[in-house]
Every structure is written in C-alpha cells, then in structure tokens.
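Reviewing the structure listed below.
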Amino acid sequence: MSKPVFRIRTKEEDNLIRRTVEIYFGTRSLSAFERHIFWIKEGKIKEVFAVPQKSSDLISKTTNIEVYSAGIPIGSIWSDTFQLEIEGAKMVSDFTSKKVIVKTDQFLYGKPIFKENLIHFEESFDKNNLIIIMSKTNIFYGIGKAKVNSADINSLNQNAVIIEGSKTKPFDVGWYLRGGN
C-alpha cells in the first residue's frame, strides 16, 4: 500500500476550492482563508487542508521528513468537485450570512432540519444551496443542503424538511461522535 502524498495544491485545485466557496457563501467568505495556503493529502480521495502561510513556508522547505497532515482539514475533492466539510464551514461561518438559526440540536444527530425547528435565516437561499447551521445561542452545528427555496418556507407545513444533513459525510460536528475519525 502506498503512502499518502501531502503536497501544495495546484492552481486548478486552488481555483476549484475558492470558486466553490464563493459560489455557495459569497466573496466575503474567502476571507476565512486569507492567510492560508491549501494543501492536498492524496489518498483514496483528495483531502484539502488550510495551512497557515508561515507553516506552509516551513513545510515547503522540509526535505528530510514526510508530512502526512498539517493545518485544518476543510474538505475533499472528488474528480472536479470540491466539498466543503465541517471545519471549512466553521471557518467560513464568520464571513457569510448564508446561515440558518435553529432551536434544536437534531442536526447534530444526522437528522434534517424541519420547518418547525427553524428560527431565522439571514439570507435567502435556493434549493440545493449549502447553508451554515447555527444554534439559537450562535453555536456552530455544521453545514447542510437546502431542500427548498427560502421563499417557499412560509407555505410549507411544520414537518416539512428545510435542510438536510448527511449521516455519511462530515457535515455536522456530531459526525465525529457517530463514527467519524
């Protein structure tokens, strides 16, 4: 079995990551990565890490040790798609208004957000948009996928699914307890 390779991102990977974050969370969200360089850990999938500039410079100069990981794991790349995950979404959360505030922690258990649990959303969103999920006390819960357009929420019944998480992908902080690594 070959060892994973930890390397600096290519220009194409950098563009893909930045473009995806900007599309879902706005130009301001890129500020989260202002002082970071993206590094890739190649294995079965390409894991993306945000490494502080100073650490990145040090890693680049290292020749006699193998680096397996550094910085903050922010997501993964599959073919031509970047998927922002828990820690990346947490970094972005301070720089975007694409958030929903919920009154329950059910999202932490891999469950969807129902209309009855929605308190507020800061910015309108479309079906299939990625949305930051926050508690009513401003605790970061994770990232979810909109199942409806925000404009349609008022016409839905209370048990309609508004936001969906994932039981198999690292989208919410409960994932670590449910079997993450």
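The values are calculated or read from the model by the stated rules, or taken from the named source; none is laboratory data. Computed from a prediction, not measured in an experiment: that's the story for all the values here. Methodologically, a virtual Cβ is constructed for each residue, glycine included, from the backbone with ideal geometry; neighbour enumeration extends over all protein chains shown.
Residue pairs whose Cβ atoms lie under 6 Å apart, separated by 6 or more positions or on different chains, with the first residue in region 2-16 and surrounded by 13 or more Cβ atoms within 10 Å (Cβ to Cβ) and the second β-branched (Val, Ile, Thr) and at pLDDT below 85, are 6/67.
Of the numbered criteria (1) among the polar types (S, T, N, Q); (2) within 13 Å of the chain's Cα centre (by Cα); (3) not assigned by TED's automatic domain parsing to the domain that holds residue 30, the one residue 76 fails is (3). Of all positions in region 33-52, none carries a residue that is of a type in the set (D, E, K, R) and part of a helix (DSSP H, G or I). For residue 127, the stated conditions do not hold, so it cannot be described as within 19 Å of residue 23 (Cβ to Cβ), in contact with an Asp or Glu (Cβ under 7 Å, 6 or more places away or on another chain) and of a type in the set (D, E, K, R).
Within region 17-32, the set of residues being assigned to a helix (DSSP H, G or I) and under 14 Å from the mean Cα position of the chain (by Cα) comprises 17, 18, 19, 20, 21, 22, 23, 24, 25, 29, 30, 32.
Residue-wise test of (1) over 27 Å from residue 136 (Cβ atoms); (2) touching a Lys or Arg at 6+ places or on another chain (Cβ under 7 Å); (3) touching a residue at least 12 places away in the same chain (Cβ under 8 Å).
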site: 33; (1), (2), (3): yes, no, yes
site: 38; (1), (2), (3): yes, yes, yes
site: 98; (1), (2), (3): no, no, yes
site: 103; (1), (2), (3): no, yes, yes
